[in-house]
Amino acid sequence: MAEKQVDLAGEPDPDCMVASKAGPEMPSPGTSDSRDYDDGCVFCRVAAGQEPATELLHCENEDLVCFKDIKPASLHHYLVVPKKHIKNCKELNRSQIEMDVRCSLPGNKYLLLMAQEHLEFRLPEIKSLLSLFGGQFTNTQETYVKSPFWILSIPSEDIARNLMKRTVCAKSIFELWGHGKSPEELYTSLKNYPVEKMVPFLHSETTYKIKIHTFNKTLTQEEKVKRIDALEFLPFEGKVNLKKPQHVFSVLEDYGLDPNCIPERPHNIYFGRWIADGQRELIGSYSVKKRHFIGNTSMDAGLSFIMANHAKVKENDVVFDPFVGTGGLLIASAHFGAYVCGTDIDYNTVHGLGKASRKNQKWRGPDENIRANLRQYGLEKFYLDVLVSDASKPSWRKGTYFDAIITDPPYGIRESTRRSGSQKEIPKGIEKCPESHVPVSLSYHLSDMFFDLLNFAAETLVLGGRLVYWLPVYTPEYTEEMVPWHPCLRLISNCEQKLSSHTARRLITMEKVEEFENRDQYSHLLNDHFLPYQGHNSFREKYFSGVTKRIAKEEKSSQE
């Protein structure tokens, strides 16, 4: 039985080691395979409950058990061992890797209270941020696509706090002390929670308060007080302070997702110590409505921060937007300490000239530009530059410059899809312009745009850098095979935001996993066999065909 020592109070015990005990094999009661149990192994006997002097803790799962060390080297010194006998490290196989990781990084259980907005974007954001701060997301995490309550195992409280300094999809995080499907189950779970882990927050020199949070139901004050009084069995020795408590504890009750069918009793009840709140206030403070310089397609503040988190943007990164527009994505990245730059083919947008996008304002003011936007939020020091440039003809020298590329390409709806061109590039059969005239721009097909974008990302991202972009799709025809791909980039996540009944856009996150060698090497990707997303070229027509049909239907119904 392999065994690992850990200190649940914080860092792994310095004496952490793998020990093995071997002896004659005997089948354990209730175990069908004798290889899973060794009567001569003390850890097998403990896991089987055959050592009365050793008490197993409540954090047991289907693979592991946990108990106090017989000679603790620190206050919280526990052993986590697998239930199945493993003679030594050489016997470990690939299927046991995940169990071994859980053994090494037991972590505490934390409860995430999620915002009920942009549901598909939440899990990729949390995964990305945990990865950024040294945590690990495993299949054992209890997450639900629509539920606001997620249970995560996180190695340390510091990682939990760092997670909340970045997320805009989560409202709060709590150290989970107990949970159940009924008050009785909750109280039993709390009684099994180690008292020594409670004491630092409940002793006589502390102040505290208890809050009641319900989802999909409103309780009266009397009901809230009743729930708080029911917790009197917990060893609270400090004083209640409702204004400025040192510690805040919460009872959270989940009454399901259907507001038209609210049950009498909650589906789940949780109790935990509040750790930190998320960054939801950024959505209001960076609102486009309050921004100095905006355009027709300025990105929503909340989605901008989600994109920056999906890209794992961090301090001192260099972030690039090849379709920068009014710079909304640069602002979100700069807020997290990254240096930002971008390009756009529209001269007026880059220089803040021309007609204004705001109501009751005809022309843009003298200081309406991207730099002024960053200055508005105290982020001007992170501004590198924005250039007038064509994304189809990158002007960068060969090399890896960027830690992240975050962008929202034009779809041809509110902003046209354009690239620079010349008379020679106009296809035959189209009426020619006078010889003296050189077109400023030509149509830029979406399939070509994404091919260029992925090639550019593969060529200029550092290894491990991320590309995050929006892909417009016609919903009735969409399949996952339509998502553009590149041999140097690995798909991380694919999240949908509906635009109408028949159209949507998908937030695609990709990570560079291989070095880019030669642009010509990937020219074959333009072949039809490798471009199932050619259908994106007609997205504009399909979008407006749906609008036309809807208008006609509304007119017909009004006449009737």
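The values are calculated or read from the model by the stated rules, or taken from the named source; none is laboratory data. This one's a predicted model, so the numbers in the text were calculated from it and none came from an experiment. Ideal geometry is used to build each Cβ from the backbone, glycine not excepted, and the neighbour counts take in all protein chains shown. To get the accessible areas, we keep the full protein, side chains included, count just its heavy atoms, and leave off ligands, DNA and RNA. Shrake-Rupley method; radii C 1.70, N 1.55, O 1.52, S 1.80 Å.
Here's how it looks for residue 267: its modeled amide H is under 5 Å from those of 254, 255, 256, which are all 5 or more places away or on a different chain.
How much net charge surrounds residue 118 when only other residues with a Cβ under 14 Å from its Cβ are counted (Lys, Arg +1; Asp, Glu -1)? Charge balance near residue 118 sits at +2.
Using the Cβ-Cβ distance between residue 315 and residue 260 with R0 set to 60 Å, the FRET efficiency from 1/(1 + (r/R0)^6) comes to roughly 0.80. Each Lys and Arg contributes +1 and each Asp and Glu -1, all at the Cβ; summed about the Cα centre of the range 201-346, the dipole is approximately 440 debye. With coordinates expressed along the principal axes, the C-alpha atoms belonging to the range 129-262 extend over 42, 38, 30 Å, beginning with the largest.
Measuring nothing but protein heavy atoms, the accessible surface of the range 200-273 at 1.4 Å probe radius is 50 percent carbon and sulfur. Ordering 202-209, 359-366, 250-257 by mean Cβ neighbour count within 10 Å, with the highest value first, yields 250-257, 202-209, 359-366.
With coordinates expressed along the principal axes, the C-alpha atoms belonging to the range 301-420 extend over 39, 33, 23 Å, beginning with the largest. Remark: the range 126-275 carries 52 Å² of accessible area per residue (probe radius 1.4 Å; ligands, DNA and RNA excluded). For the range 227-312, applying the loop criterion from DSSP together with a ceiling of 14 other beta carbons within 10 Å to the trypsin sites (Lys or Arg not before Pro) yields 243. For the range 207-366, the residue among 338, 267, 255 whose Cα projects farthest onto the positive side of the dipole built from Cβ charges is 338.
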